[in-house]
Structures are given as C-alpha cells and as structure tokens.
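For reference, the structure is listed below as structure tokens.
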Amino acid sequence: MNLLYDAYPEVVILCGIPREIVTDFKDWLRFVDMLRDDDLELTEKAQLMMELYLEDIPEEQWVEAHKPLLRFFRMEEADPEPGERDPADSLTTRAAPLYDFRFDAKYIIAGFWQDYRIDLTETDMHWWKFRILLDGLSAGTEFKQRVMYRNTNAAEIKDVKERQRIQRIQRAIAIPQPAPTDFEIGELF
C-alpha cells in the first residue's frame, strides 16, 4: 500500500470476509483508553472491541476478531516491507513509552493547531491520517520536545550540569504510569 495515493482502509479482513470498521481517530484513542482500564474485565473489553466493527460479528469469530483490528491500529498494511516496522512506529513500540495519548493530549492538540491549523477537538479524521500527522509534527512543537526529552539518554551526557538539567526535565514530564505499546495491547488478547 502506498500512503501517498491509496485510500486508507475502511475494512479489515476477518475470517476471510471484509468487515467495515470505525476509522475515526477519536474512537481509536478511546480504544487505547478502554484497553488500559483496569476496571474492565477481559470479556467486557472484548465486547467493547466488537463495537469497532460496523456489523455484528458472530461470537465464534470473537477469538480472531481482535487480530485484524490490531493490525489496523498498528497500520501494518502501510509497512514498506512485510515483516519490517516503519521507523515512525518506534515512538509507540519502546519499553518506555515516549508519549501517552491521555497525558500528552493538550500538547498533541496544540501541536496539530501549531503545525497544521487543525483543531482536533472539532474534526473527524481517519486513524491512519492522525498517526501520520502526529509522527510528522515539527520539532518546534511542545509535543515533539517532550518526546525528544523522554528519548534522551541522560547517562550519555558528559556535562554534569546539562545531564542534571535534562534529568529535571525528564522528571517533570514523566508519564505517570506506563502506557501499553501496540504490541502489549495485542498481548492482552
């Protein structure tokens, strides 16, 4: 798939059958929140996940139903080569997350406005487009600055004052609880 000219997918293949799904970024952000919700049982999460399908899925297919949704969530179809991950996905597949959609929400919203003049609170957007634009935010946005500081290995900084400065910033912007990576989300099922 070429992201420059192919239409973003509106369906996933489940048990050999194309199934229409919800594609708006806000629904997929809710999906992440739902998976992180410790108050929900696994069966409740599975039920909520089925709501991403625009048609009823037979219960006997529920065991497999999460797999195409997770492939869509990870944008696997857009990978340049099968079996290889897009370097941009490294932002969400690290052991220590570099961003969290909930914790960094206001900086993501501000970054989209700053770079693209898109008000995320008043727009609908395909999940893939959102992810592409998120990854493409400029280094001048507060969101990308936070990602950069979280990704900095302070131990490699020789200057003591600079290392301490970076460590203070890292503590100030630390994500309070670990967010699941794309792959950890898959492991839940």
*When each of 106/144; 67/106; 45/106; 26/106 is checked by Cα-Cα distance, pairs over 19 Å*: 67/106; 45/106
_Using the Cα atoms of region 1-57, I'd like the radius of gyration and the largest Cα-Cα distance, Dmax, both in angstrom._
13.4, 42
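Laboratory data are not the source of any read-out in this text; all were calculated from the coordinates shown. What you are looking at is a predicted structure, and each value in this text was computed from that prediction instead of being measured.
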